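The values are calculated or read from the model by the stated rules, or taken from the named source; none is laboratory data. Model, not experiment: these values are computed from the prediction. Every residue, glycine among them, receives a Cβ derived from its backbone with ideal geometry; neighbour counts consider all protein chains shown. Calculation scope for accessible area: heavy atoms of the full protein, side chains included, ligands and nucleic acids excluded. Shrake-Rupley method; radii C 1.70, N 1.55, O 1.52, S 1.80 Å.
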Protein chains: 2
Amino acid sequence: MTSTNSGKRERIVVIGGDAAGMSAAHQALRVAKARGREIEVVALERTGYTSYSACGIPYWIAGDVEEGEDLVARDPARHRAMGVDLRTGATATRVDLDQKRVTYRDADGEHELGYDQLVVATGARAIVPAWARGADGEVYAGVGPVKDLDDGEAWIDRFAARSGQHVVIAGGSYIGVEMAEAAVRRGHRVTVLTRSRVMSTLEPELSKRVADTMEAAGVEVVEDAEVQSLDVTGDGVIEKVTTVRGTTYSCDLLVLALGITPATDFLSGCGLLVGKSGGLQPDARGHLRDGVWAAGDCCETRHRLTGEWVYLPLGTHANKQGRAAGENAAGGSLAFGGVVGTAITRFAADQHYLEIARTGLSLAEAEAAGLDAEGLLTEGTTTSGYLPEAEPIAVHVVAERVTRRLLGAQIVGGHGAGKRIDAVAAALWGGMTVDDLAWMDLAYAPPFATAWEVVQVAARRLAERLTPLVEVRPSRLVAGAPRTSGPAERGSKP
Amino acid sequence: MTSTNSGKRERIVVIGGDAAGMSAAHQALRVAKARGREIEVVALERTGYTSYSACGIPYWIAGDVEEGEDLVARDPARHRAMGVDLRTGATATRVDLDQKRVTYRDADGEHELGYDQLVVATGARAIVPAWARGADGEVYAGVGPVKDLDDGEAWIDRFAARSGQHVVIAGGSYIGVEMAEAAVRRGHRVTVLTRSRVMSTLEPELSKRVADTMEAAGVEVVEDAEVQSLDVTGDGVIEKVTTVRGTTYSCDLLVLALGITPATDFLSGCGLLVGKSGGLQPDARGHLRDGVWAAGDCCETRHRLTGEWVYLPLGTHANKQGRAAGENAAGGSLAFGGVVGTAITRFAADQHYLEIARTGLSLAEAEAAGLDAEGLLTEGTTTSGYLPEAEPIAVHVVAERVTRRLLGAQIVGGHGAGKRIDAVAAALWGGMTVDDLAWMDLAYAPPFATAWEVVQVAARRLAERLTPLVEVRPSRLVAGAPRTSGPAERGSKP
């Protein structure tokens, strides 16, 4: 096949056919079309499928989604019909940045492909520890991660083999909690083994609520329990896991919910720098270096509150980053403004239901970032308390002490609790203060909130805590008070 | 009783014992206590009850709340136990601002009460047109508003008298929609007569969705149908209503859902200015003039987007304004930063369920305010489309063309649609752009949103519409681009 691009049309090569890659491919085509320019967009995808919702896999396994195909937003045929030269089963193996050339392998062998602009959107791989593999290097049959559609299919088959199996989940973060829901709803006995706490980036009080709800639904939650080894029969059937503390748990199936890592290995040696996580570090436009762009789960991103690089791979970021990278690769101008660390999930089994959301920094994260922060937990109800649908909700808010800048919030509660985080995320995006959050005009009606919305009560109480005695408060701080409502100066509080 | 306050302790008199008044009373006590000062807080309440949720009354009537008392957040005994000298059945009739004296009437006759600081929190009265009253000036038996607990009790009795009555609701705004829900859920035949459209501050397309859902639930919705007169038998039994267009509708019961008006009549002649609505116009601290404060439904408030005075009486504002006025009346300093026009409600009967929310300005309101605005409607789903719980959601976003400033949004949709408005309200509070809304970091997981959250798709599409051809875009606008992400400069769009 062709080496460097000798055709007349500019060629954009996208490596990766999921959210970021295909967003980039289509946005590049849109920009070119709007400018009346012809470009060629070639996309290389390792697997046979494109643009699927990895986040939806646990719900497919749980039985909420009929077919894996339902998780596919756009299949390869659709992408091709829309003008992308999509090549599936095509694994990029090497990039030559000087020669502007990608090497990839498919069923027919190895190929080289020249590019004018390259978009790296290779995503991430599930972390699979050495103890999960046999001597042949293969992962044991009853063990697997939950990353792609093949993983999902495998888990559906394993869960369907017989009910009442003992499913051990290694990892208590998002995927761990979601797979615990799926397994318990599928009628299995579930044990979650987690290195520190369940949902460990939550404040301890909120993490405990998640664990309590899971246990109420019959899930055994074991914290401080990192898996170290696996006992396997001669036939490769797993029997038990042992933690670093030496405790053993019987298990029929083992879910690897240990996180993901950027799929950037094939770039090693080509001169692109990666961060601590192994993720690429493109600028806000998705730019890495001349003619090279990156987006999605293979990248780190800037945290707007700390300015630090963080690895927070999420489909919603991948879509946005891909759109920006594609626009810019085609000569447009669009920036991805970074993240504030917003995330949401739920645990739902029978009547046990809990929404879990966070944004910004936890108190520990704020302190680790060198900020003088304070946090406070506030309890309330999701609707006016007199309505039958009212459910408990707990909100933890963090703010910087002297500047009163809002730093983060976490919410755990019943129906309608989770998406409340978006108001806080918006406030963080705009650099607002805890007083802004306490006093802004949020929606109230009895079926939706209490008259003092619980998120605002939480912010107000924290704001009151931050207020020093008026006598000791330097006047320049009063003068430099928040631009919006809230106390400019206050009386002493007990 | 005492005339001007001759006691040693400073006396704060609060007129009105609902959300704003009692928030003010308690906040004043808290501030004084924190400062080690003794003050006396006297609150005068016309009725026998305090601090009740007026917004909850339709749900009580619908059967979701057992007792009217359940709507009372704090009863008189509780307020007294907390240190407020609360006098119920006490109607303020006159205020002498020079003499700092309030005249009030109770069962024992007329009294005068001196004050050092006065907080006016008299709330609002339901609008009752002349045609709703007989020759004796009394409202007909089958007719009534939905403002206080007595109204609620009356509607529960009327609805319970027999099922299948024809309930006509005059007014298609929040209370009208909520009472339609209550009446249809109670087994009555319901007709809503509304002057313009149902939820007339919504964009026409969204208003139509509300009307369609109500009609699907069996409610007859008649727009452009202002009630002009009532036919009543010699016994005072109502029989039919006639609209200004001359159409008549039979009716057994008639709900007055025509809005409320500030209860400020008793202040006439005392020298306090009121706005167009009849509402007082305190500053952000709740201050009117020396020693006089006001809060709640008797006040207008500043709209943060236009700077204009608006009358948007809501419990959530009343609570905040009351807190600020009470704090300031007691010598503290706390500001209420105005409103952005956020509101929410729902219509729910059987399987017919719709959440309705708005914030900021509608396109018509923006244009009326002299802004060069553009709006766009976007459709999506409340959760990822492949989940069984996904419901339709429609989002209309408005932004200012040249500055790209976000001006407002409206949302109509299924479960979880309504409170999404809070993210937009937060963005409006912070003066953010439509690009900020499109690109900010909002929460995504399949049970909560699509990977491109529908509110952000709506903002992004509008942002793309606002973008002029790059060739004609003045460079100073590029330089003055939004401080956060979003296009600083873009290619031409078809």
request  = Taking A:L312 as meeting all but one of (1) under 12 Å from the mean Cα position of the chain (by Cα); (2) crowded, with 24+ Cβ neighbours inside 10 Å; (3) in a loop (DSSP other than H, G, I, E, B), write down the number of the exception.
outcome  = (2)
ask   = Just checking, which of A:R289, A:R302 is under 16 Å from the mean Cα position of the chain (by Cα), open to solvent by 40 Å² or more (accessible area, probe 1.4 Å) and not polar (S, T, N, Q)?
value = A:R302
key: Selection from the stretch A:119-137 of residues that are modelled with pLDDT of 95 or more and more than 27 Å from A:V95 (Cβ to Cβ)   = A:P129, A:A130, A:W131, A:A132, A:R133
ask   = If we scan the stretch A:264-279, do we find a residue that is out of contact with any Asp or Glu (no Cβ under 7 Å at 6 or more places or on another chain) and within 14 Å of chain B (Cβ to nearest Cβ)?
value = no
note = Within the stretch B:229-245, the count of residues that are out of contact with any Leu (no Cβ under 9 Å at 6 or more places or on another chain) and surrounded by 14 or more Cβ atoms within 10 Å (Cβ to Cβ) comes to 3
query = Does B:K8 meet the test of being within 10 Å of chain A (Cβ to nearest Cβ), open to solvent by 30 Å² or more (accessible area, probe 1.4 Å) and either modelled with pLDDT under 95 or farther than 30 Å from B:R185 by Cβ (or both)?
reply = no
remark   = Taking the stretch B:315-328 and keeping residues touching a Phe, Trp or Tyr at 6+ places or on another chain (Cβ under 9 Å) and either among the hydrophobic types (A, V, I, L, M, F, W, C) or open to solvent by 10 Å² or more (accessible area, probe 1.4 Å) (or both) leaves B:G315, B:N319, B:Q321, B:R323, B:A324, B:A325
query = When you scan the stretch B:313-368, how many residues do you find that are touching an Asp or Glu at 6+ places or on another chain (Cβ under 8 Å), of a type in the set (S, T, N, Q) and touching a residue at least 40 places away in the same chain (Cβ under 8 Å)?
reply = 5
query = Only one residue in B:A423, B:A449, B:A417 is without any contact (Cβ under 8 Å) to a residue 60 or more places away in the chain and open to solvent by less than 10 Å² (accessible area, probe 1.4 Å), so which one is that?
reply = B:A423
inquiry  = Checking the structure you have, find out if any residue of the stretch A:177-191 is within 30 Å of A:V395 (Cα to Cα), in contact with a Cys (Cβ under 9 Å, 6 or more places away or on another chain) and surrounded by fewer than 24 Cβ atoms within 10 Å (Cβ to Cβ).
reply    = yes
query = Looking only at the stretch A:71-99, which residues are touching a residue at least 12 places away in the same chain (Cβ under 8 Å) and open to solvent by 60 Å² or more (accessible area, probe 1.4 Å)?
reply = A:A73, A:R74, A:D75, A:M82, A:R94, A:Q99
query = Has the stretch A:242-250 got any residue that is within 18 Å of the chain's Cα centre (by Cα) and of a type in the set (G, A, S)?
reply = no
message = Of everything in the stretch A:213-228, what is exposed (fewer than 15 other Cβ atoms within 10 Å of the Cβ) and part of a helix (DSSP H, G or I)? Give them in sequence order.
response = A:E215, A:A216
request  = Enumerate the strands (runs of 3 or more DSSP E) found wholly within the stretch B:339-433, keeping only those where 1 or more residues are in contact with a strand residue (DSSP E or B) (Cβ under 7 Å, 6 or more places away or on another chain), within 7 Å of chain A (Cβ to nearest Cβ) and modelled with pLDDT of 95 or more.
outcome  = B:343-349, B:352-360
query = Would you say A:T306 is under 30 Å from A:A211 (Cα atoms), modelled with pLDDT of 95 or more and within 11 Å of chain B (Cβ to nearest Cβ)?
reply = no
query = Where in the stretch B:61-179 are the strands (runs of 3 or more DSSP E), entirely inside, with at least 1 residues that are of a type in the set (S, T, N, Q)?
reply = B:85-88, B:91-96, B:101-106, B:117-120
request  = List the number of the failed condition for B:S196; all other conditions in (1) under 25 Å from B:V395 (Cα atoms); (2) crowded, with 17+ Cβ neighbours inside 10 Å hold.
outcome  = (2)
message = Can you tell me which condition B:I61 does not meet? The list is (1) open to solvent by 10 Å² or more (accessible area, probe 1.4 Å); (2) farther than 25 Å from B:T103 by Cβ; (3) at pLDDT 95 or above; (4) in contact with a helix residue (DSSP H, G or I) (Cβ under 8 Å, 6 or more places away or on another chain), and all the others hold.
response = (1)
request  = Answer yes if at least one residue in the stretch B:39-52 is basic (K, R), open to solvent by 20 Å² or more (accessible area, probe 1.4 Å) and within 9 Å of chain A (Cβ to nearest Cβ), and no otherwise.
outcome  = no
Top-ranked residue of the stretch B:140-163 - restricted to ones that are open to solvent by 50 Å² or more (accessible area, probe 1.4 Å) and without any contact (Cβ under 8 Å) to a residue 40 or more places away in the chain, ranked as nearest to the chain's Cα centre (by Cα) = B:D157
inquiry  = Given the criteria within 21 Å of A:I57 (Cβ to Cβ) and open to solvent by less than 40 Å² (accessible area, probe 1.4 Å), does A:C251 qualify?
reply    = yes
ask   = Within the stretch A:107-133, how many residues are more than 24 Å from A:L314 (Cα to Cα) and either open to solvent by less than 40 Å² (accessible area, probe 1.4 Å) or touching a residue at least 40 places away in the same chain (Cβ under 8 Å) (or both)?
value = 10
